[in-house]
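Asker: Mind looking over this structure? Questions follow.
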Amino acid sequence: MKKNFLIVLSILLIDQTLKIYIKTHFELGSGFPIFSFFWIFFVENPGMVYGVHFGNGYFGKILLSILRLFLVLLISFFLYKNVKKGSSNYLTIPTSFILSGAIGNFMDSALYGCLFDKGTIYREEYQKWIPYLGISKINYNSGYASFMKGCVVDMFYFPIIDIHFPEWIPFFGNFHFQFFKPVFNVSDISIFFGVILFLLFKRRIRNIKIL
C-alpha cells in the first residue's frame with residue numbers, strides 16, 4: 001500500500017506544483033519553445049480531453065466535475081481492494097498512475113475556481129467560455145468561480161508536424177496541418193502511461209483474480 005500511495009502522492013505533487021507555477025507566472029495563451037516540436041504553452045480547458053465539453057456552460061462543467069469525482073472514488077476503491085488482497089504490481093501500479101491523473105484533473109476543476117483570482121469563465125450572453133488577461137494570483141477570498149467550476153491547467157504542447165500547404169497544391173491548397181495539436185498536463189500523461197502499462201501487461205493481468 002505504501003508503494004502505491006507514494007506513486008499517487010509523487011505524481012500529484014509534480015502535477016499540482018507545475019500547474020500552480022504555470023498559472024501564477026504565465027499569461028493565458030503564452031509560452032516558450034524548448035525544442036521546435038516541444039513547447040511549454042499555457043491554456044485552460046473547461047472540458048475534457050481534446051477540449052470536448054460535457055454539456056453547455058457551468059451545468060456541463062459541474063456534471064463533468066461530479067463524473068471526475070465518481071471516477072476517483074471508483075478507482076480508489078478498486079485500488080484499495082486489490083492492494084489489500086495482495087494483487088500483483090502488474091495490476092496495482094498502472095491503476096495508481098491512472099488514479100493520480102484522475103485526482104489531479106479533478107482538483108483543478110473542483111478547487112482552482114476558488115483558489116485563483118482569474119480564470120476562464122462562461123458567459124451566458126455569449127454562450128461561450130471567455131479567457132482572461134494578465135497573470136492569475138492565488139486569492140482564497142475571491143476566486144474566479146465557485147466550487148466544481150474551475151478549469152484544468154494544461155501546458156505541454158507537441159507540434160511535431162506543422163505544415164501549411166501553398167495555394168497551388170490541388171485539393172490541399174492553403175490547408176494548415178498540425179500534429180500533435182492538443183495541449184495536456186502531467187495528469188494526462190499519468191493516465192496515458194497507466195493505460196499503456198495495462199496494455200503491455202494485459203496477458204499477466206488476465207491471470208489475476210480481480211476483486
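Throughout, read-outs are computed from the coordinates displayed, never taken from laboratory work. Predicted, not measured: the structure shown is a model, and the values here were computed from it. Every residue, glycine as well, gets a Cβ built from its backbone with ideal geometry; the counts of neighbours run over all protein chains shown.
Asker: Quick check: anything in region 139-153 among the hydroxyl-bearing types (Ser, Thr, Tyr), crowded, with 20+ Cβ neighbours inside 10 Å and within 24 Å of residue 58 (Cβ to Cβ)?
Answerer: yes
Asker: State whether the residues of region 80-91 include one that is touching a helix residue (DSSP H, G or I) at 6+ places or on another chain (Cβ under 7 Å) and either among the aliphatic types (A, V, I, L, M) or without any contact (Cβ under 8 Å) to a residue 24 or more places away in the chain (or both).
Answerer: Yes, there is a match, as at least one residue in region 80-91 is touching a helix residue (DSSP H, G or I) at 6+ places or on another chain (Cβ under 7 Å) and either among the aliphatic types (A, V, I, L, M) or without any contact (Cβ under 8 Å) to a residue 24 or more places away in the chain (or both).
Rundown of residues vs (1) in a helix (DSSP H, G or I); (2) closer than 19 Å to residue 198 by Cβ; (3) touching a residue at least 12 places away in the same chain (Cβ under 8 Å), yes/no style:
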| position | (1), (2), (3) |
| --- | --- |
| 58 | yes, no, yes |
| 77 | yes, yes, no |
| 105 | yes, yes, yes |
| 108 | yes, no, yes |
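Asker: Restricting attention to region 81-118, and to residues there that are surrounded by fewer than 23 Cβ atoms within 10 Å (Cβ to Cβ) and in contact with a strand residue (DSSP E or B) (Cβ under 8 Å, 6 or more places away or on another chain), which single residue is farthest from residue 16 (Cα to Cα)?
Answerer: 117
Asker: Being among the basic types (Lys, Arg) and within 15 Å of residue 5 (Cβ to Cβ) is the filter here; which residues of region 82-123 pass it?
Answerer: 84
Asker: Same structure, new question: Within region 159-170, is there a residue that is touching a Gly at 6+ places or on another chain (Cβ under 6 Å), assigned to a helix (DSSP H, G or I) and more than 25 Å from residue 27 (Cα to Cα)?
Answerer: no
Asker: Taking the conditions exactly as written (over 21 Å from residue 191 (Cβ atoms), aliphatic (A, V, I, L, M) and assigned to a helix (DSSP H, G or I)), does residue 62 satisfy them or not?
Answerer: In short, yes.
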